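Laboratory data are not the source of any read-out in this text; all were calculated from the coordinates shown. Only a predicted model underlies this, so the values are computations on that prediction, with no experimental measurement involved. Quick reminder, even Gly has a Cβ in these numbers, built from the backbone with ideal geometry, and neighbours come from all protein chains shown.
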Amino acid sequence: MTSKILRRDFVMGLGGAVAVGLAAWSYFGPTGYPKTPFDDLLNQIIDRAPAITLGKAMPKASSTTLSEKLRQPGFALRKRSREDAAAGRVTEIKGWVVPETLALYAQLAAAV
């Protein structure tokens with residue numbers, strides 16, 4: 001005896017899968033990371049995993065203090081990190097020489 005999948009069962013299963021997918025999307029969002037109050041800043045980082053690793057090698061800092069500094073006008077990651085490198089505003093973290101702004105973003109990524 002063969003069993004057939006009823007249309008109703010298929011639609012219910014598909015609906016359940018869509019619901020689970022939407023729940024995951026609302027929690028993780030398009031980045032794949034849990035949402036934070038600092039996503040407007042952290043979404044400027046292409047991949048947070050290396051930034052978190054770099055930030056963990058730095059002294060701990062308050063995420064609120066870092067976010068207040070990074071939300072000031074002119075602190076967009078791409079533009080400011082290029083300006084930092086050109087002006088010699090760099091810092092060394094475990095042998096890596098990085099622009100100061102990038103170091104601040106990495107600290108924030110590790111703090112949340």
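At a glance:
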item	result
Calculated from backbone phi, Karplus (6.51, -1.76, 1.60) coupling profile of the stretch 80-90 in Hz, x at Gly/Pro	5, 5, 5, 5, 4, 5, 5, 8, x, 8, 10
Selection from Pro99, Thr36, Val11 lying farthest towards where the dipole of the chain points positive, charges on Cβ	Val11
Prolate/oblate/rounded call for the stretch 72-112, Cα gyration tensor, a/c under 1.5 rounded	oblate
0 to 90° range, to nearest 10: angle between helix 100-111 axis and the chain longest Cα axis	40 degrees
The stretch 45-103: trypsin sites (Lys or Arg not before Pro) in DSSP coil with no more than 14 other Cβ atoms inside 10 Å	Lys60, Arg71, Arg89, Lys94
Interchain or long-range residues, amide H under 5 Å from Ile93's placed H	Val98
Only Lys, Arg (+1) and Asp, Glu (-1) charged, at Cβ; the chain dipole about Cα centre in debye	240 debye
Label of the coordinate-derived value, volume of the Cα convex hull per residue in Å³, listed as [x] 241; [y] 103; [z] 152	[z]
Helix-only [θ]222 nm of the chain, DSSP H runs n ≥ 4, -39500 (n - 2.57) each, per residue, nearest 500	-18000 deg cm²/dmol
Relative contact order (%) - criterion: Cα under 8 Å, at least six apart; region: the chain	31 percent
Per-residue Cβ neighbour rank within 10 angstrom, fewest leading, Val112, Val20	Val20, Val112
